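J.: Below is one structure. I have some questions about it.
The values are calculated or read from the model by the stated rules, or taken from the named source; none is laboratory data. Nothing here was measured: the structure is a model prediction, and the numbers come from that model. When we count neighbours, we look across all protein chains shown, and the Cβ atoms used for this are built from the backbone with ideal geometry, even at glycine.
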Ligand code: ADP
Ligand code: NG1
Ligand code: MG
């Protein structure tokens, strides 16, 4: 490692791996030179805390081994040459004179081009550096994170592009600063994400999940139970979050819920309330008290635009301009109670999950006795009981995402149900509408559990041949965050 600060993205010598050699060859064949450096940004699996980062609540993800690896060369010409090792992603060349003129628009079906995620990262970096005339880049991407599957392939791509550009222009390498910058950059794709994915991409540490808090952004390691493994299984359904308005619809429903709750509970500084967590802070309430407030002030299943305007004393143009995004302006009905209940209850589940992990660790290090029963609700630190308690929180999270947040998918529910038949708790991970589940599995059961999913889901439910199921399911442990590789 070079003489960089611990808070900076590490710069390591280029490893002599097969993947690096192959990517260097592709790069050489495309551009006639060796890459001058590589960046590597991991995907992530979120263990618990879904759809609450954009409401300001802490989440508990860990980084995966799967990543976006990008080979880079800096050129004097203000141009981008973008290539991908996967031939389904076609190469493109473009000039980058002024970031204000970047055209990050989707194709005619509304789906973003793959390189739009790269443009988001570069636009964010250029804006941050305040430069319009700049050096260009030749970039070759090799990714192995399953795309559009809730494992954050999009943020790894945005973040790798942003980091490549910053490094080329001697910009900041501070992990927290880049994570915040990348969260802002990815919003150019059109989704109003909360920042979890970019935070874990940069702040991840090997061997522990991270408890991520926002405003200010911070990551605290959480040791996961040693006798359990997290298994990720793909539902075989993909969902590109920027191609539909499902994601943004949830974000604005949460913002509207926060605004209405603030108004009806008489908060004076009501204009400052944007998120459900800001409101909780102002009211100095517990999460349970916030839940009760939701049931009291927004009890209906559906709110129309007209009803919302009446409560907020604004007209529909104000509502469109102040709250709705381009792809949600045409919506006429909103589910506020259900979304807000999910957020407050899920935020509580994150706290409970973290407490159980933390106290069980502390107790097993010091005594064999009862673990802080008052706080965690557990009578002792029996490993089976701890895993059941953690698993129950994951099952409840999935149920809430399925019923209150309505972001599950029939295949995800099938995977979760099959898991329950062998006593394994699991939940959808990432935004949902397809993608993956994450399951908490006692170590000694991993092989049997994976085999059950292969038989019952991939073979019986999806008609796949068993040997083809291998690439859709894997056990994983917490991995490290973003890196730069360079000849030192
Ligand atoms: P995720 O849950 O994986 O973050 P998103 O819907 O946010 O899913 O983003 C998925 C999109 O990211 C893909 O449709 C594709 O455009 C882009 N993407 C992901 N991985 C790659 C890759 N290896 N190469 C090119 N583009 C990729
Ligand atoms: P995925 O599924 O990886 O695109 C999205 C958001 C996260 C978070 C989760 C749901 C982005 C970049 N990512 O993740 O911020 O809100 O959904 O918990 O918007
Ligand atoms: Mg994404």
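J.: Given the structure, is residue 274 in a helix (DSSP H, G or I) and farther than 30 Å from residue 461 by Cβ?
T.: Judged against the criteria, residue 274 is not a match.
J.: For the range 1-56, what are the residues that are more than 16 Å from ligand 2 (Cβ to nearest atom) and closer than 30 Å to residue 280 by Cβ?
T.: 7
J.: While we're here: Out of (1) at pLDDT below 95; (2) at negative phi; (3) over 26 Å from the mean Cα position of the chain (by Cα); (4) not in a helix (DSSP H, G or I), what's the single condition that is false for residue 266?
T.: Of everything listed in (1) at pLDDT below 95; (2) at negative phi; (3) over 26 Å from the mean Cα position of the chain (by Cα); (4) not in a helix (DSSP H, G or I), residue 266 misses just condition (2).
J.: Give the residue, chosen from 111, 123, that is touching a residue at least 40 places away in the same chain (Cβ under 8 Å) and surrounded by fewer than 20 Cβ atoms within 10 Å (Cβ to Cβ).
T.: Unique residue meeting the criteria: 111.
J.: Quick one: which strands (runs of 3 or more DSSP E) lie wholly within the range 397-488 and hold at least 2 residues that are within 30 Å of residue 337 (Cβ to Cβ) and within 17 Å of the chain's Cα centre (by Cα)?
T.: Per the criteria, 425-429, 436-442.
J.: When you check residue 223 against the structure, is it touching a strand residue (DSSP E or B) at 6+ places or on another chain (Cβ under 6 Å), within 22 Å of residue 481 (Cβ to Cβ) and more than 16 Å from ligand 2 (Cβ to nearest atom), yes or no?
T.: Spelling it out, residue 223 is indeed touching a strand residue (DSSP E or B) at 6+ places or on another chain (Cβ under 6 Å), within 22 Å of residue 481 (Cβ to Cβ) and more than 16 Å from ligand 2 (Cβ to nearest atom).
J.: Let me ask you something else. Condition first: surrounded by 23 or more Cβ atoms within 10 Å (Cβ to Cβ) and in contact with a strand residue (DSSP E or B) (Cβ under 6 Å, 6 or more places away or on another chain). Now tell me which residues in the range 431-449 satisfy that.
T.: 436, 437, 438, 439, 440, 441, 449
J.: Give all pairs with beta carbons closer than 8 Å in which a residue from the range 174-188 that is under 21 Å from residue 11 (Cβ atoms) meets a residue that is part of a strand (DSSP E or B) and away from ligand 2 (no atom under 12 Å from the Cβ); count only pairs at least 6 apart in sequence or on separate chains.
T.: Final answer for the pair search is 174/8; 175/8; 176/218.
J.: So if I check each of 241, 170, which one is modelled with pLDDT under 95, under 30 Å from residue 123 (Cα atoms) and away from ligand 2 (no atom under 13 Å from the Cβ)?
T.: After applying the criteria, what remains is 170.
J.: Something else about it: Please identify the pairs in which a residue from the range 415-437 that is closer than 16 Å to residue 400 by Cα has its Cβ atom under 8 Å from the Cβ atom of a residue that is part of a helix (DSSP H, G or I) and within 9 Å of ligand 1 (Cβ to nearest atom), counting only partners at least 6 apart or on another chain.
T.: Going by the 8 Å Cβ cut-off, the qualifying pairs are 431/247.
J.: Here's something else I'd like to know. Of all residues in the range 465-474, count the ones that are surrounded by 15 or more Cβ atoms within 10 Å (Cβ to Cβ) and either without any contact (Cβ under 8 Å) to a residue 40 or more places away in the chain or within 16 Å of ligand 1 (Cβ to nearest atom) (or both).
T.: Result for the range 465-474: 3.
J.: List the strands (runs of 3 or more DSSP E) inside the range 52-108, counting only whole elements, that have at least 2 residues being modelled with pLDDT of 95 or more, surrounded by 13 or more Cβ atoms within 10 Å (Cβ to Cβ) and within 13 Å of ligand 1 (Cβ to nearest atom). Break it down stepwise before answering.
T.: Values: elements: 60-75, 79-84, 92-95.
By residue number, 60-75, 79-84.
J.: Please state which one of 311, 274 is touching a strand residue (DSSP E or B) at 6+ places or on another chain (Cβ under 9 Å) and either crowded, with 18+ Cβ neighbours inside 10 Å or closer than 15 Å to residue 255 by Cα (or both). If you could, list the steps in order and put the result at the bottom.
T.: On the way: 274 fails: touching a strand residue (DSSP E or B) at 6+ places or on another chain (Cβ under 9 Å).
The match here is 311.
J.: Could you list all residues from the range 321-350 that are surrounded by fewer than 16 Cβ atoms within 10 Å (Cβ to Cβ) and without any contact (Cβ under 8 Å) to a residue 60 or more places away in the chain?
T.: 321, 322, 329, 330, 332, 333
J.: Could you list all residues from the range 142-160 that are more than 9 Å from ligand 2 (Cβ to nearest atom) and more than 25 Å from residue 11 (Cβ to Cβ)?
T.: Across the range 142-160, the qualifying residues are 146, 147.
J.: Name the residues in the range 147-174 that are more than 12 Å from ligand 3 (Cβ to nearest atom) and crowded, with 24+ Cβ neighbours inside 10 Å, would you?
T.: The answer is 160, 161, 162, 163, 164, 165, 166.
J.: While we're on this one: Would you check which residues across the range 109-138 are in contact with a strand residue (DSSP E or B) (Cβ under 9 Å, 6 or more places away or on another chain) and either within 11 Å of ligand 1 (Cβ to nearest atom) or not in a strand (DSSP E or B) (or both) and list them? First the steps, then the outcome.
T.: Taking the range 109-138 first, the residues in contact with a strand residue (DSSP E or B) (Cβ under 9 Å, 6 or more places away or on another chain) are 113-115, 118-119, 122, 135-138.
Hits for the range 109-138 are 113, 114, 115, 118, 119, 122, 135.
J.: Look at residue 35 and say whether it is farther than 21 Å from residue 165 by Cα and in contact with a strand residue (DSSP E or B) (Cβ under 8 Å, 6 or more places away or on another chain).
T.: No, not satisfied.
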